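*Asks:* My questions will all concern the structure given below.
Quick note: the coordinates plus some simple rules give every number you see, no bench work behind them. Bear in mind the structure is a predicted one, so any value in this text is a computation, not a measurement. Here the Cβ positions follow ideal geometry from the backbone for every residue, glycine too, while neighbour counts run over all protein chains shown.
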Protein chains: 4
Amino acid sequence: MREQIIALLKERGVSLEQIAQIAYSLQKQYASGLGHEQCLAAVHSVLNKREVQYTLLTGIALDMLAERNQLPEPLLAMIKRDEPLYGVDEILALGITNLYGSIALTGFGYLDKTKPDVIGRLDSQCCSGRVHTFLDDLVAGIAAAASSKIAHQM
Amino acid sequence: MREQIIALLKERGVSLEQIAQIAYSLQKQYASGLGHEQCLAAVHSVLNKREVQYTLLTGIALDMLAERNQLPEPLLAMIKRDEPLYGVDEILALGITNLYGSIALTGFGYLDKTKPDVIGRLDSQCCSGRVHTFLDDLVAGIAAAASSKIAHQM
Amino acid sequence: MREQIIALLKERGVSLEQIAQIAYSLQKQYASGLGHEQCLAAVHSVLNKREVQYTLLTGIALDMLAERNQLPEPLLAMIKRDEPLYGVDEILALGITNLYGSIALTGFGYLDKTKPDVIGRLDSQCCSGRVHTFLDDLVAGIAAAASSKIAHQM
Amino acid sequence: MREQIIALLKERGVSLEQIAQIAYSLQKQYASGLGHEQCLAAVHSVLNKREVQYTLLTGIALDMLAERNQLPEPLLAMIKRDEPLYGVDEILALGITNLYGSIALTGFGYLDKTKPDVIGRLDSQCCSGRVHTFLDDLVAGIAAAASSKIAHQM
């Protein structure tokens, strides 16, 4: 299933290298000598977890159903416009970050506010026909989880 | 939106009285003199929270999309058979119970294991064409949240 | 540090075999052929996590400080009588169970309500001069975490 | 108990106005016309919750016991130097932010990384004889909770 998830992320516009880059930017100040390879390995390790895979499948399905107008109202409108008070996307991401402890949780909150790199690009595509309401949070969750894994390895 | 949520629960086979009854059974040993009216009021109060409403809309939509085979594979098969290792239903319920503190969290875990009353009925309808993979957990979450609210009021 | 933690648990009246037994009772219905050795290995694996170790050190220290009346009021009285609305003990246990996903979270809630075996013994020693307000929840958290690990391995 | 908590925060170097200021800075971009009074009222409302009060009493007690060298090793050394991988302080803060939903959770993560105002001052006093390992996170948790409350009111 891991290969399927990686292909799905790619199809939705996200590469593992981009996620690894965000994990790197979260950890570089604490981990001297941290390399991109180690960050990419941590991202792979996060994506190996079954619960992470199931969460990604669910969130991305909701984004895609919203793009095709196949969700009931008023849920459809909320997800299409990434309504700020709709917090289910963040709750799903917690299903990833919880597994990696408090460093992942705080890293996720930081990424969700600052939206660097691909997270910001996904977030701003809202209203262009593409819906990434869940995916931007899930990518932030994976990057934060990977950075926590790195922190505990150093 | 609260009226819409109550109607949706009814349509999916769940009344607020049934949820109040579960909240009562969780709290009766700790709260002498606890009445059904107070439990029902607590359930109403939980359903007034926007984040609870949004979580219910999302989970019930996923159940209904699974009934109509409108989810992508392998997600569809997992949700239709309520795969035990698929934990996104419990994660969504945490979006409800977290708001009511530790008594809600432990009450939810207990209900999820013992599946009393309507929770068990929803759970066992799996494989009959109806899908309640999310709803049984969300009902457990509302009941546990209501019981925590009662505990803090007594 | 793992050896120190095991010794500390022993000193406080808890053996890893007792925790493994609880994990076994949580999983036996789902995992045919589950053996005690596998449960004990899962408990060891949980105790290898740094965040689990830090949580145990903190919770057990609070129990011991309460026994020696070295906490400030009104915290001391609440911890000594295991005040039901004091939920910080359950919050600390979540620091363990979160790391093991939704099966650990629901298993913990169930154990916290039913208090089997050593968890019940710890809980009932309250008022005998011994304080186990944190330890009973932490033991439930370790057992639930181990049972989740087993579930994902089967 | 609320008055006791406010006095304790004051004694540890934190005023409610300072916390309200942080909540304001988190929400001002989303809530035009937001005033300081409303932020202060939200902070008061957060401090009215029993679970928040119990969490504060516990975390501040641990800080003070560390200052007086009254915790056992190796816990004492970890708390005194605010060891980055010791995550129990963040776990306690989650006992506050969880009650206020996903906006509180992400706000907390952001504050924990950026450490504005009084949070940064508390954090940097580490190693001066004062220990605020728990308090800086708890203050971030209260501010994030208050900002979430404001977001849901606007």
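*Asks:* Label-point separation (nm) for residue A:128 and residue C:41, each offset 7 Å from Cα along Cα-to-Cβ?
*Replies:* Taking the two extended label points, one gets 4.9 nm.
*Asks:* With θ set to phi - 60° and the Karplus curve 6.51 cos²θ - 1.76 cosθ + 1.60, what are the ³J(HN,Hα) couplings of segment D:138-154 in order, to the nearest whole Hz, using x for Gly and Pro?
*Replies:* 5, 5, 4, x, 5, 4, 5, 5, 4, 5, 5, 4, 4, 4, 6, 8, 6
*Asks:* Right, another one. Which whole-angstrom value gives the distance between the alpha carbon centres of segment B:1-27 and segment A:138-154?
*Replies:* Their Cα centres are 39 Å away from one another.
*Asks:* Would you kindly give the portion of the calculated P(r) for the protein assembly as shown that falls above 41 Å, as a percent of all Cα pairs?
*Replies:* Roughly 18 percent, once rounded to a whole number.
*Asks:* Evaluate peptide C:80-92: per residue, the Cβ atoms of other protein chains within 10 Å of its Cβ; return the mean as an integer.
*Replies:* Working: counts 0, 0, 0, 1, 4, 10, 8, 13, 11, 2, 6, 15, 6.
The per-residue average across the peptide is 6.
*Asks:* Quick check on the protein assembly as shown: helices-only [θ] at 222 nm, where DSSP H runs of length 4 and up contribute -39,500 (n - 2.57) each and the sum goes over total residues. Nearest 500, please.
*Replies:* -22000 deg cm²/dmol
*Asks:* Could you please point out the chain B residue with its Cβ nearest to the axis of the rotation taking chain B onto chain D, and the distance in whole angstrom?
*Replies:* Spelled out as residue then distance in Å, it is B:98, 2.
*Asks:* While we're on this one: Return the tail of the calculated pair distribution for segment A:45-115, meaning the percent of Cα-Cα pairs more than 17 Å apart.
*Replies:* On the way: 1252 of 2485 pairs.
So the pairs more than 17 Å apart make up 50 percent of the total in segment A:45-115.
*Asks:* Another question, then. Ordered by residue, what ³J(HN,Hα) values in Hz, to whole numbers, does segment C:95-103 give under the Karplus form 6.51 cos²θ - 1.76 cosθ + 1.60, where θ = phi - 60° and Gly and Pro are x?
*Replies:* Once rounded to whole Hz, the list reads x, 8, 5, 3, 5, 10, x, 5, 5.
*Asks:* Which peptide among C:108-118, D:101-111, C:73-83 comes first, and what is the full order, when sorted by highest mean count of other Cβ atoms within 10 Å?
*Replies:* On the way: C:108-118: 21.5, D:101-111: 28.5, C:73-83: 17.1.
Ranking the peptides C:108-118, D:101-111, C:73-83 by packing returns D:101-111, C:108-118, C:73-83.
*Asks:* Which distance in Å, rounded to a whole number, links the C-alpha centroids of segment D:52-71 and segment A:57-131?
*Replies:* 37 Å
*Asks:* When you look at the Cβ of every residue in A:113-125, what mean number of other chain Cβ atoms sits within 10 Å? Kindly include the intermediate steps, with their values, before the conclusion.
*Replies:* Values: counts 8, 3, 0, 0, 0, 0, 0, 0, 0, 0, 0, 0, 0.
The mean count of partner-chain Cβ atoms within 10 Å per residue comes to 1.
*Asks:* Which whole-number percent is the relative contact order of chain D (Cα, under 8 Å, 6+ apart)?
*Replies:* Working: 196 pairs, mean separation 52.4, N = 154.
Once divided by the residue count of chain D, the mean separation gives 34 percent.
*Asks:* Then there's this: Inter-copy label distances at residue A:124, 7 Å along the Cα→beta-carbon direction, one decimal in nm, shortest first?
*Replies:* 3.2, 5.5, 6.4
*Asks:* Can you bin segment D:14-69 into rounded, prolate or oblate? Criterion: square roots of the alpha carbon gyration tensor eigenvalues sorted a ≥ b ≥ c, rounded for a/c under 1.5, prolate for a/b above b/c, oblate for the rest.
*Replies:* On the way: a/c = 3.45, a/b = 2.24, b/c = 1.54.
The shape class here is prolate.
*Asks:* Counting every Cα pair in chain C, what percent are over 26 Å apart? Don't jump to the answer; show the numbers that get you there.
*Replies:* Details: 2393 of 11781 pairs.
The calculated P(r) of chain C puts 20 percent of pairs beyond 26 Å.
*Asks:* Would you mind putting A:3-15, C:137-149, C:88-100 in packing order, based on average other-beta-carbon counts within 10 Å, highest first?
*Replies:* Details: A:3-15: 14.9, C:137-149: 30.1, C:88-100: 26.3.
Answer by packing, highest mean first, reads C:137-149, C:88-100, A:3-15.
*Asks:* Turning to a different aspect of this structure: Spelling out what I want: for every residue of segment C:33-41, take phi, set θ = phi - 60°, compute 6.51 cos²θ - 1.76 cosθ + 1.60 (Karplus), and round to whole Hz; glycine and proline get x.
*Replies:* x, 5, x, 5, 4, 5, 5, 5, 5
*Asks:* To continue, here is another question. Within 10 Å of each Cβ of D:50-57, how many other protein chain Cβ atoms are there on average? Each step should come with its number before you reach the end.
*Replies:* Details: counts 5, 11, 1, 2, 12, 4, 2, 10.
Averaged over the peptide's residues, the number is 6.
*Asks:* Additional query: Which order do the peptides D:30-40, B:58-68 take when ranked by the mean count of other beta-carbon atoms within 10 Å per residue, highest first?
*Replies:* Details: D:30-40: 14.5, B:58-68: 20.8.
Highest to lowest by the protection proxy: B:58-68, D:30-40.
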